[in-house]
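Here, each number is a calculation from the coordinates, and none is a lab measurement. Owing to the predicted nature of the structure, the values given are computational and were not obtained by experimental measurement. Heads up, the Cβs are rebuilt from the backbone with ideal geometry, glycines too, and the neighbour counts pull from every protein chain shown.
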Amino acid sequence: MSIEMPNRNRPLAASIQDKDVILQANNLKVHFHLDEGRLKSVDGVDLIIRKGKTLGIVGESGCGKSVTSQALLRIVPKPGQVEGEILLKRNGGEETAEVVDLVKLEADGKEIRDVRGGEIAMIFQEPMKAFSPIHTIGDQIMEAILLHRTKDKKEAREIGLETLASVGMSNPKQRLDEYPHQLSGGMRQRAMIAMALASHPKILIADEPTTALDVTVQAQVLTLINELKEKLNTSVVFITHDLGVIAEMSDEVAVMYLGKVVEYTDVDTLFYGPRHPYTKALLNSIPSVTNRNTRLESIEGTVPYPMNLPEGCGFYSRCPKAQSGVCNAADIPLIKVRDNHYVRCLFAEDQNTGGEGQ
Amino acid sequence: MSVREADLGRGHDAVQGDVILNVQSLKKYFPIKKGFLQKTVGYVKAVDDVSFYIREGETFGLVGESGCGKTTLGRCVLRAIEPTEGSTVFKDREGRVSDLNELDNKELRKLRRDIQLIFQDPYSSLNPRMTVQNIVAEPLICNGIAHGDELRSRVRQLIEMVGLNSRHMDRYPHAFSGGQRQRIGIARALATNPRFVVCDEAVSALDVSVQAQILNLLQDLQRQLSLSYLFISHDLGVIQHISDRVGVMYVGRMVETARTEDLFRRPRHPYTEALLSAKPVPDPRRKSERIVLQGEVANPAKPPSGCYFHPRCPYAQEICKLQKPEWRKVGEDHFVACHLADELTLQGAIGS
């Protein structure tokens, strides 16, 4: 077998030293020490975020995709503990840029607060929760601008107005003085994107930003995020459970299962040559016109509870290819099968046939 | 009562095949009340003059965006809420035909065992204080279908039919995962051996791999028990997969019904076209030129004039603002409410 055994600490070939990489997460772990045991919500995740590109993170509920994104901002709820490395190029990622390890920063210190909203901004699934109901949209957008861009209130208002207009908000001047409840769902989502973008972040983390929206409004928001990404050269981390949205938005994709990345590659390879059994099963379980009147390939059983897990592959109990004594003996490393294609499966090399996309 | 067999096909220009349910001009208006005297100042037309039919053993998919009235329509068909106007003609297991909207409570009760509902949220639709055994047994007891040993064995049979282990019958809902709870909901709905089941967003709360399990289960059960489904969902992929025919709703009105193939290949209503094009396709090589609709869904309390879709419709003309479009037949099993249906050639989701 010609498998290149990975360096335990850094399985991915790219690194923060590369010119186009702006953030790198190494062996990122978020563990919750609870009375019942240790809940490994994120357990050894490696990610690369490139300048002006979109990294999609996809997985089912409870796979740790949201917690991963929270860890990048160090906003993991207590008693979560973040371990590993999150290397960020500060000051816009110029060559002379200083590299900071976000994990080493104090969770409520000055520097991380400068990064939050400044270099890395986030938009959430439920805009009603992200906005304070008792302040106007304008005040909330201006707060971010005053913190990160200017000290002048008048100028901040100008910038706020500009940003609102740039996200396609109708009648931005009036909206600035309205409260969140006065906007519709799609408008609120636009306002939140405006708030995130007002401080010109280098990285935009979007955690299921369209899940609560109708498809026609979702189409508007997805188009908007893509346009802004082009215009501002922002990197996007797009988290969703919807493989259709992943196909639409991503350049590279990380598939997560039980707190681990199980497959990591570019979007075309993911849909046309997936290697991990979980990715294949996930793709085959999407209902669509090509598999009409046929049974969907469902995955037997359910995701195990991520507490006190046994050794070995997390997908072992549901995998059609699982072999006792092999898959459940030790933790499976992320293996490079091709350039820019990493799979956490011992049989990845034998599965050349790949699952077909459509 | 003057409902006859012929009424099952009424109003749809000679429908072929055995119709089990025929809905005619169904309306549900909710009054908007204001002030101290609670004067009615207007109506939310949640369901506004909707007609469709469902054949025996068929799945009719109902799709639309939130607030378009799909759930209200589903509930009106069951008469779980009282419709304002219209008729719902249903054929029961003995072949008797009756209009559900004209029945009194006693007659309706008898028919209830033939019509059941599967809910969206498997967390709130099961009583947390009842064991699975009791949850599934309840409809059997209420309808006086079984008791004693017979009851217990029927419940066991149902539990096993939906793919759960009958040893877990004495557990409470919290011990089950989302997918398993949805199976319990299905077992409860099928307990009375119904002929017609309304599935209201039955898989929307589930992850895609579990969703596939439940969709497979629903299709297997349909074949085994020759059920007819009214399948309500906002997810076009799911609708496309499970339905024989599809109805598209927009702000309380049905805008198009057609066979699934026809609807996805050649839609006749601009809203259907936009909806199909807005759906993200799980294929990175097909980043389609999508039609992005401007604006948002109209407010059903203050709908626009004429065709409700005209403010967002890229093809809208003067007539669309002035006149409400007629509901008319444009092909076999294909109905549409659009003034321009004959002139437009619209893009489907699958190659034409």
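Numbers at a glance
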read-out: Exercise: per-residue mean of other protein chain Cβ atoms within 10 Å, B:202-211; value: 6
read-out: Estimated distance in nm for a label pair at residue A:340 and residue B:130, the labels positioned 7 Å out from Cα along Cα-to-Cβ; value: 5.6 nm
read-out: Over chain A: helical MRE at 222 nm, DSSP H runs n ≥ 4 each giving -39500 (n - 2.57), nearest 500; value: -8000 deg cm²/dmol
read-out: Relative exposure of A:124, B:309, judged by other C-beta atoms within 10 Å (fewest first); value: A:124, B:309
read-out: Packing-based order for B:210-222, A:222-234, B:172-184, using average beta carbon neighbours within 10 Å, highest first; value: B:210-222, B:172-184, A:222-234
read-out: Partners for residue B:329 among lysines (Cα-Cα distance below 27 Å; same-chain residues under 8 apart left out); value: B:27, B:28, B:45, B:70, B:91, B:279, B:321
read-out: Residue-by-residue Karplus 3J(HN,Hα) for the stretch A:65-73, coefficients 6.51, -1.76, 1.60, Hz, glycine and proline x; value: 5, 5, 5, 4, 5, 5, 5, 4, 9
read-out: Degrees between helix A:215-232 axis and first principal axis of chain A (Cα, 0 to 90, nearest 10); value: 80 degrees
read-out: Three-way shape label, the stretch B:90-137, alpha-carbon gyration tensor, a/c 1.5; value: prolate
read-out: Euclidean distance between Cα centres, the stretch A:169-183 to the stretch B:260-315, Å; value: 26 Å
read-out: Under 13 Å from residue A:202, Cα to Cα: aspartates and glutamates that are on another chain or at least 8 residues apart; value: A:20, A:94, A:114, A:119, A:230
read-out: Centre separation in Å (Cα based) which lies between the stretch A:327-348 and the stretch B:150-168; value: 41 Å
read-out: Least to most buried among A:339, A:35, A:18 (fewest other Cβ within 10 Å first); value: A:35, A:339, A:18
read-out: Chain B: DSSP helices with Cα axial extent of at least 15 Å and average Kyte-Doolittle hydropathy no lower than 1.0; value: B:132-142
read-out: Calculated FRET value between residue B:330 and residue B:43, using beta carbons and R₀ = 22 Å, to 0.05; value: 0.15
read-out: Cα-based shape type of the stretch B:297-352, given that a ≥ b ≥ c are square roots of the gyration tensor eigenvalues and the cut on a/c is 1.5; value: prolate
read-out: Flagged links, alpha-carbon separation over 21 Å, of A:51/A:89; A:19/A:280; A:104/A:151; A:89/A:129; A:53/A:280; A:260/A:321; value: A:19/A:280; A:104/A:151; A:89/A:129; A:53/A:280
read-out: Nitroxide proxy distance, nm - points 7 Å out along Cα→Cβ at residue A:134 and residue A:20; value: 4.8 nm
read-out: Angle in degrees between helix A:185-197 and the longest Cα principal axis of chain A, rounded to the nearest 10; value: 90 degrees
read-out: Efficiency of FRET between residue B:93 and residue A:81 - r from beta-carbon atoms, R0 60 angstrom, step 0.05; value: 0.50
read-out: Backbone N under 15 Å from the residue B:286 label point (7 Å along Cα→Cβ), restricted to the stretch B:228-245; value: B:236-241
